[in-house]
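The values are calculated or read from the model by the stated rules, or taken from the named source; none is laboratory data. Just so we're clear, the structure is a prediction, and the values are computed from it rather than from any experiment. Cβ coordinates were reconstructed from backbone atoms using ideal geometry, including for glycine residues, and neighbour counts include every protein chain displayed. The protein model used for the area step is the full one, side chains on, heavy atoms only, and it has no ligands, DNA or RNA in it. Shrake-Rupley method; radii C 1.70, N 1.55, O 1.52, S 1.80 Å.
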Amino acid sequence: PWNASCSAKRRLIDDNMKVAALFILGCLVWGGMAKPEFPEPEKDPDFWKEWAQRTLKNALTLQDLNKNVAKNIILFLGDGMGVPTVTAARILKGQMSGQSGEETQLEMDKFPYIALSKTYNTNAQVPDSAGTATAYLCGVKANEGTVGVSAAAVRSQCNTTQGNEVTSILKWAKDAGKSVGIVTTTRVNHATPSAAYAHCVDRDWYSDGDMPTEALQSGCKDIARQLFENIPDIDVIMGGGRRNMYPRNTPDVEYPGDKKHNGTRKDGRNLVGEWIDRVKDKKGYYAWNRKDLLSLNPNNVDYLLGLFEPADLPYELERNKETDLSLTEMVDVAIKILRKNERGFYLLVEGGRIDHGHHEGKAKQALHEAVEMDRAITRAGLLTSIYDTLTVVTADHSHVFSFGGYTPRGNSIFGLAPTVSDIDQKPFTSILYGNGPGFKMVNSTRENVSTVDYEQNNYQAQSAVPLRMETHGGEDVAIFSKGPMAHLLHGVQEQHYIPHVMAYAACIGQNKDHCRTNSGSPSLSHISPMLALLLAVKWLLC
């Protein structure tokens, strides 16, 4: 017994020494990393002063406001792209090119104007993507879970639909003679895009196969059907969602042996076939894969329907670059088709899987989705001009995603914090979630993340509260803007203000009195003939 007692004490002492050694080692590592390598010029105060002066000089030019009419309007919506996600994506973008990352600029960072958007729904402090989409597309705050209807409509109650429908800026643009388009990495009838064309009291009514019998008998329509019926001449539609367009049990063209991708419609309608028949004499084309889409000449296409997956498109990190389209590629094709209209265009672009990555606790997937959307923003900028195109980048809501832990300059955004916890003496990643599927206990204590591959693509970052799916966050999100009337997006605004500014800039919807037209086209009174020539040359080259 005496020997056993001594052995137990010795093991306890050894364990305590190991914990102390680990803690001291962590402190030493932190101490060594607290003075990271960084560019030598940054030690010189003049480096920072000159940078500030360049920024100041640029800021002074913004006093000459761009009050041109916006011929084109583009909204980039990063679903779930809160401010922490923007910052982390910026660092990731830099680190992907071999930099430390913090000093990198996203394309959206270069936009001259920024505001904050209050994202709450009429009945929710922390919102969902449907009620928010109704706000920033239709200009009206709404209840969570509903799209294209006012707050008088009640989720899942079909009989509250009629009389409460609200229209979107996409319809306002179409009614004004502009070409219009929707590009998304999710299903084309998911929450964000559906608010552009649908009026539905339940965001989950993707097809009639998802609707209760009572709602169908009461005359409510599924969202996929509304995509083709409410605004039948949407010029460009690209994303996923094939299975909601075909009769139940119809095998998918790409995955014929996988029943989970079969058609879901109860009414037996082939909505894709109906669309093809309607546009066959109007330069209309349907594509379901990358090869088919990129083989098209945009100059010979007036209508395009691209449905590239049965449900959502793959994550950027999992995309087959030979067969799967990137968001940037879709945006490139969309703009080249839409810009042929002399009256201009409206384009909604959603980086929709940022949100999905966060919900799954997979920060690496989410952040790579955000970086890809930023590439698409860059491409759109090359194909358009700030003189006649208003571009807005924003998010519908945030997530309970954060990164911290006193990490040193250049620390991998997916890496460990430099010290261990002073409570459980275990390391932790810089990225953490407030709640979600990353909560994990091993032997009744927090998992030691140094024993797993925390930089793996699908690693689920640790969370404070266990949930199957991580939740949205309730804080304000950023609005970045450039182009005509972009300065009107300033300060802290209600989310529903966004489409009203875009409509005012483009002289569509209810905001027309201040506009001048020439042969039906908006007048750009501030552009010199030489500048107009240069813009035309750029347009042709791109």
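Quick rundown of the values:
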| read-out | value |
| --- | --- |
| Selection count where residues are surrounded by fewer than 16 Cβ atoms within 10 Å (Cβ to Cβ) and in a loop (DSSP other than H, G, I, E, B), scope the range 299-310 | 0 |
| Which listed residue, of 160, 134, is more than 19 Å from residue 78 (Cβ to Cβ), modelled with pLDDT of 95 or more and hydroxyl-bearing (Ser, Thr, Tyr) | 160 |
| Close pairs from the range 42-64: first without any contact (Cβ under 8 Å) to a residue 12 or more places away in the chain, partner open to solvent by less than 90 Å² (accessible area, probe 1.4 Å), Cβ under 7 Å, at least 6 apart | 47/41 |
| Pairs where the first residue, in the range 395-420, is at pLDDT below 95 and part of a loop (DSSP other than H, G, I, E, B) and the second is buried (at least 23 other Cβ atoms within 10 Å of the Cβ) and of a type outside the set (S, T, N, Q), C-beta under 9 Å, 6+ apart | none |
| Identity of the residue in the range 345-364, in contact with a helix residue (DSSP H, G or I) (Cβ under 8 Å, 6 or more places away or on another chain) and surrounded by fewer than 24 Cβ atoms within 10 Å (Cβ to Cβ), that ends up farthest from residue 299 (Cα to Cα) | 364 |
| Odd one out for residue 253 among (1) out of contact with any Asp or Glu (no Cβ under 9 Å at 6 or more places or on another chain); (2) not in a loop (DSSP other than H, G, I, E, B) | (2) |
| Residue match in the range 367-386 (condition: of a type in the set (Gly, Ala, Ser), surrounded by fewer than 21 Cβ atoms within 10 Å (Cβ to Cβ), over 20 Å from the mean Cα position of the chain (by Cα) and not in a loop (DSSP other than H, G, I, E, B)) | no |
| Candidate set: the range 325-359, residues that are of a type in the set (Gly, Ala, Ser) and outside any helix (DSSP H, G or I); chosen: the one nearest to residue 294 (Cα to Cα) | 326 |
| Criterion: open to solvent by less than 20 Å² (accessible area, probe 1.4 Å), without any contact (Cβ under 8 Å) to a residue 24 or more places away in the chain and of a type outside the set (D, E, K, R) - qualifying residue of 257, 263 | 263 |
| Single match in 150, 117, 129 (criterion: open to solvent by 10 Å² or more (accessible area, probe 1.4 Å) and in contact with a strand residue (DSSP E or B) (Cβ under 9 Å, 6 or more places away or on another chain)) | 150 |
| Single residue of 303, 286 found to be without any contact (Cβ under 8 Å) to a residue 40 or more places away in the chain, over 22 Å from the mean Cα position of the chain (by Cα) and over 22 Å from residue 375 (Cβ atoms) | 286 |
